[in-house]
Every structure is written in C-alpha cells, then in structure tokens.
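A quick write-up on the structure given underneath.
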Amino acid sequence: MDAFIIDGGTPLSGEITNSGAKNVALKTFVASLLTDDAIRIHNIPRITDVFYMLEVLESIGIRSQFKDHTVDIDKRNGSSTTVPLDVGARLRTSSMVIGPMLARYGEAQIPNPGGCRIGARPIDRHIAALRSMGAHITYNSRDGFYHAKAKILHGTHVLFPKNTHTGTETIILAAVLAQGTTVIENAAQEVEVDDLIRFLVTMGAKIQRTNERTIVIEGVKKLYGTEYTIMSDRNEEVTFAIAAAVTHGDITVNKSQKTGLDAFRDAFRNAGGIADERDDDVTRYRVGKKVRPTDVVTGPHPGFMTDWQAPWAVLMTQAHGVSTIHETVFESRFSYVRELLKMGANITFFEPDVDNPQSLYNFNLSDKKRGDHQAIRIEGPRTLHNAVVVIDDLRAGATLILAALCATGESYIYGIEQVERGYENIEVRLGALGARIRRIKDEI
Ligand code: EPZ
C-alpha cells in the first residue's frame, strides 16, 4: 500500500485535462455483452475500477485491449454466466451484467456487489424490476450470490420507488434485447445515464427519454458493434475547481463537462467562486477574495450531487461563517469528517428537521444504522494543519487530498488505492499544477 505526502499551502495554477467519466466507462463494458461484434470505446480513464471491470469481463470470457485511453473489446471466448466472487465483489458495476446475461443466455450468477463503503448499497430496486420483466431471481446467503434465470425477458412497466442511478441503467441494459417495450418511470436523470443511452443507440438500441424521468425502451432482436467516445468526468472537474478555490489558485479545465454541472457551478458562484465557461469545452475556476458560507442539500440530478459534498466540505472550512451540508442520497457518507477534524476543521453533526424522511431520503430508511449521520455544520474559516489521515472511500480520498493541499505542513495520506479507483495519475497531474505531492511505500 502506498501513501501520499502532501506539503500544503501552494496555490494550484495552470491547465489540466479532465478524464473520461468512470461511471460511463464501466457501464459501456457491461453493454459490450449485448453483442458479439467488435466495440471500440475512447476516452477511457486508466483507473483501478476500469481495470477491475475489464477483469470481470475476462472472467466471463470476454477479452479486451487497453491502449492509451481506448478500449477494444473484440475477442469472445465462450460465454460464462457466472461472475466469480473475487473479481465481482470488488465493484458495484459487476452486478449490472445480470441484464445482458439474462437477455442473451437466460441465466446469470452474480456476487453481491461491492463498491465504495458509503452505506448498505443494496440492489433490491434492480432485482424487483428485473423480476417484473420475467426473471426468476434468488439470493443465496450461503454463497453470497444472486442466481437468476429467465426463459425470456419481456417488456414491462417499471416505477422505481426512489431514484436509482445504476438501477435505471441495469434495467435499460436488460430491456434493450427484451421482447416488447419497457417503460421506466421515476428513472434517474444523471447525465451519465444519458451518455450510456447514446452509446447503446449507436449499437442499434431503441431508447428514448420521453420526459425528464421517463425512459422508453423498445426491445430489438440484435445489437451491433460500435465506436464511441464517452463524456468527461464531472466529479474530477469538481475536484479541480475546489482545488483552485481552496489553494487560492487558478485552474483551467480542458475537456470540461458541459452538462450536469449547473448545480455545482451555482453553488461555487454563491460561495464566491468564479467559473468562466468558454464555448470550446474549457472552464476556468478560481475564487474571489473571500469564500462565503453555503447551505447545501445533496440530491439526485439535477440536484447537488452526493459525490461533491465531501470535497465541498473542505471549501466550506475556508468560508467566513457557518455552512451546512445535508446528505440525502446515501445514509453513511461522512466518514471523512473524522479525518478533517484531525486537521483542525470545526465540524459538528446535527439532526436536520425533516417533515417526510421517506420522501426526502433516497436510501432505504431501514438501512440507517446508529452512528449514521445526515448533516454537518462547518464553522469557518479555519487554517487546516497537517495530519496523518486514512482514506475510506473514493470521494473521501479526493477530499483529504484537497484538505492537505490547503493545510500547513506535510500531511500523510494512507489508503490512496481508494483514490486510484477513480482518479488517473492524480499526483502527477496535481504536481503539474504546482502541488507538492509525492508517493511513498506504506511502511506502517
Ligand atoms: C451511482 O451509485 C454511482 N455509482 C455513484 O458514484 C453515485 O454517487 C450515485 O450513483 C449517485 O449518482 C456508479 O455509477 C457505479 P443509486 P448507485 O442506485 O447507483 C439506495 C462513485 O464514487 N439504493 O442511485 O449505487 C442506495 O443505497 C460512486 O463514483 C437502494 O437502497 O446509486 C443509495 O442510498 C459512489 N436499493 C440510494 O439508493 C437499490 O436497489 C441511491 O443509489 C438501489 C439503490
């Protein structure tokens, strides 16, 4: 295990190029199961989750080549319908192969999915929707696998009880080859879902978002190979914007993501940040003299994304006044607070007044455990200082890096493999902006 040492306090300035979106790349790999033709996908980030997902494909007989930022999927060697536990349990996206496998081979065995430790993260909504398409699915708690069979998958009407991003994508991936038409209501609106839809349409799928939260999929008999360039990663861009603001630097992001960042940019401007968007996919981020406090409530798109709240908390430690963050999507996404406290942040948990928790919160209320918190209050400005900290999940990792970049002294950040799940070569890219960051071998 490696660690980062960051000597904070330098303004980060210059140009940086956004990577492709992790949460689209992984799903296009799942979609490759829907055809035997060759598929070429560009703008794929070289991150651990991508390598893990390619291993999942390999484990079921699909080989790929990954050169620079292009993945070619063209060699199919059999068609196993079991994702082995050791490769599948590492990431949530592995569970999404269930749809294409059922549609093409009539069965699938998938391990209970893993992913970042940010809550219970069940897939009950996915399973209920697949059952309504004619799949017979059981969960065996002794082997930790879902066992699924379907003679045919038929079109259906799915009404998700609450927003689910990968649930929506899972049903789209099952419905494109199903018999008949599937209508998904209360479908997720995240822009990554729409990029996956565009990709599938280039394969010959018939999918339309008929209104904001309704997606209609007309099943087709066959899908074909394609070549596609995926969108930029919004979460990376947010990280760079906040890096500019907390270090009082000036960062220009190339391949800036046009859609899906309005809620972030609005909050950034309210906090005294400046985001200059240009026509040529370039956005320049910096901050005025003073960071202002904000009250942020996370939510499904078009709301302020849950993935942004942890890095946002670092910015709010620099704000002049009291800020709040209310997390409504996951029940346990404040693990980073403990580490920011070590660095001198003034953050307290509080119970927000909520009239109707069942409708506000996106997680299943029964998954909330003692010690899970939904809201924090941050008092600023605080000069953060160095500390030895440990990363718990991907976005918490970016958060601790940001905190160390604006802190005084040298911080040690352990658990950086979590950051490498979603950020390509982060220390080299931040180093090019002036960050004093280096990697060491973990000798703890
Ligand atoms: C996706 O997670 C992303 N992951 C997340 O990014 C992102 O934070 C999230 O969507 C919100 O946009 C991927 O795309 C791989 P959900 P997902 O289904 O699909 C509960 C990252 O770091 N729920 O919209 O898991 C669930 O536990 C990751 O890139 C159920 O209870 O999010 C959560 O509380 C982290 N049962 C809430 O709903 C279900 O069947 C929203 O989950 C499905 C979800």
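The values are calculated or read from the model by the stated rules, or taken from the named source; none is laboratory data. These numbers come from a predicted model, not from an experiment. We place every Cβ from the backbone using ideal geometry, glycine too, and count neighbours over all the protein chains shown. Accessible surface is based on the protein model in full, side chains and every heavy atom, while ligands, DNA and RNA are left aside. Shrake-Rupley method; radii C 1.70, N 1.55, O 1.52, S 1.80 Å.
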Rounded to the nearest 10 Å², the 1.4 Å probe accessible area of residue 224 is 110
Length-normalised contact order of region 1-127 in % [C-alpha pairs under 8 Å, at least 6 apart]: 20
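Considering only DSSP beta bridges with both partners in the chain, what is the antiparallel share in %, to the nearest 5?
Values: 63 of 85 bridges.
Among the beta bridges of the chain, antiparallel pairing accounts for roughly 75 percent.
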Highest mean first, what order results for 407-418, 327-338 on Cβ atoms within 10 Å? 327-338, 407-418
On the first, second and third principal axes, largest extent first, how far apart are the outermost C-alpha atoms of region 361-444 in Å? 44, 31, 27
Using a simple charge model, +1 on the beta-carbon of Lys and Arg, -1 on the beta-carbon of Asp and Glu, nothing else, what dipole does region 403-444 show about its Cα centre, in debye to the nearest 20? 160
Bin width 10 Å, origin at 0, all Cα-Cα pairs of the chain: what percent of pairs per bin? 4, 21, 31, 26, 14, 3, 0
When DSSP assigns beta bridges and you keep just the ones with both residues in region 327-428, what percent turn out antiparallel, to the nearest 5? 50
Computed FRET value (nearest 0.05) for residue 40 with residue 289, which takes r as the C-beta separation and R₀ as 60 Å: 0.80
Simple spin-label estimate for residue 75 and residue 370 in nanometres, 7 Å along Cα-Cβ: 5.4
What translational diffusion coefficient, in µm²/s and rounded to a whole number, does the Stokes-Einstein relation yield for region 303-444 at 25 °C and a viscosity of 0.890 mPa s, taking the hydrodynamic radius as the Kirkwood radius over Cα pairs? 153
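Consider all pairwise Cα distances in region 341-381 and report the whole-number % of them above 15 Å. Walk me through the numbers on the way to the answer.
Values: 448 of 820 pairs.
Of the Cα pairs, 55 percent sit more than 15 Å apart.
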To the nearest 10 Å², what's residue 266's accessible area with a 1.4 Å probe? 90
Using a 1.4 Å probe on the protein heavy atoms, what percent of the accessible area of the chain belongs to carbon and sulfur? 48
Gain upon complete extension [residue 379, residue 142; 0.36 nm per residue less C-alpha separation]: 80.6 nm
Hey, how much of the P(r) for region 22-229 falls beyond 25 Å, as a percent of Cα pairs? 29
Please identify which residues in region 30-62 have an amide N closer than 19 Å to a label point set 7 Å out from the Cα of residue 221, following the Cα→Cβ vector. 34-37
Please calculate the 1.4 Å probe accessible area of residue 368, with all protein chains present, and give it to the nearest 10 Å². 80
Please give, to one decimal in nm, the separation of the simple spin-label points placed at residue 358 and residue 185, each 7 Å out from Cα toward the Cβ. 1.8
With charges set only on the Cβ (+1 for Lys and Arg, -1 for Asp and Glu), what does the dipole of region 22-229 come to about its Cα centre, in debye to the nearest 20? 320
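Kindly report the accessible area of the chain per residue (heavy atoms of protein chains, probe 1.4 Å, no ligands, DNA or RNA), in Å². All intermediate terms of the calculation are to be shown ahead of the outcome.
Numbers: 17380 Å² over 444 residues.
On a per-residue basis, the chain sits at 39 Å².
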Taking 7 Å along the Cα-to-C-beta vector as the label spot, tell me the residue 213-residue 280 distance in nanometres, rounded to one decimal. 4.1
